[in-house]
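Remarks on the structure that follows.
Read the figures in this text as sums done on the coordinates, not as results from a lab. All values reported here derive from a predicted model rather than from experimental measurement. In this analysis, Cβ positions are derived from the backbone assuming ideal geometry, glycine residues included, and neighbour counts consider all displayed protein chains.
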Amino acid sequence: MLSLSANHRSQIQTHGERTYPDECCGLLLGRFGTSPTSEEHKILIEVWPVTNDWEGAGEFGLNDGQTARRRFLISPEDYLSGERHARQHGLEVIGTYHSHPDHPARPSEFDRGNAWPVYSYIIVSIQTGQAVDLASWILDEERQFQSETLQQTVEA
Ligand SMILES: [Zn+2]
């Protein structure tokens with residue numbers, strides 16, 4: 001389960017609408033907690049938008065002929081600065097988000113291949129420039145994505 005506020009949700013949606021028809025991406029900063037039912041539970045505290053660095057993907061041997069309309073890359077530099085910011089605020093990187101322009105909010109095979117366990121993967125679907133759906137995904141033990149429950153928190 002992932003807790004997030006309405007404001008977090010709209011930040012991610014707005015980012016995806018702004019970069020349309022390219023994919024947007026960013027880090028999810030927050031805390032790993034344990035819910036009363038001891039189910040895996042994360043709390044999103046801060047959305048950390050980064051620039052889609054897919055143009056530089058060749059450097060990492062990732063370029064598969066697709067463009068930033070279908071792919072995203074968070075550069076190691078951006079990842080590290082997000083991680084540093086998180087640590088300074090007593091937070092951790094708990095996942096990433098990206099958009100699917102004119103595609104559903106479901107992970108692709110490429111997304112699955114690049115995913116890590118435990119992390120939350122939020123995908124926002126942008127249809128003709130409008131955010132229409134947002135979902136979070138988490139890998140199970142067979143490295144298959146399962147839908148992650150989103151819990152809306154009240155703004156502090
Ligand atoms: Zn994707």
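Quick notes on this one:
- Local electrostatic count at Arg9 - Lys and Arg +1, Asp and Glu -1, tallied over other residues with Cβ under 13 Å: -3
- Rounded to 10°, Cα long-axis angle of helix 6-19 versus longest principal axis of the chain: 0 degrees
- The alpha carbon centroids of region 116-149 and region 50-78 are separated by 19 Å.
- GNM top mover of Pro49, Pro117, Pro104 - the chain, alpha-carbon springs below 10 Å: Pro117
- Angle between the chain longest axis and helix 76-88 axis [Cα atoms, degrees, rounded to 10]: 20 degrees
- Extreme residue, positive dipole direction of region 62-156, given options Gln130, Ala115, His89 (C-beta unit charges): Gln130
- Residues with amide H under 5 Å from that of Arg70, placed H, sequence gap 5 or more: Glu23
- Normalising the Debye intensity of the chain to I(0), with uniform scatterers on Cα atoms only, and taking log10 at q = 0.10, 0.16, 0.20 Å⁻¹ returns -0.33, -0.87, -1.38.
- Computed magnitude of the charge dipole of region 2-151 (debye, nearest 20; Cβ of K, R +1, Cβ of D, E -1): 320 debye
- Net charge over other residues, Cβ less than 14 angstrom from the Cβ of Phe145 (K, R count +1; D, E count -1): -3
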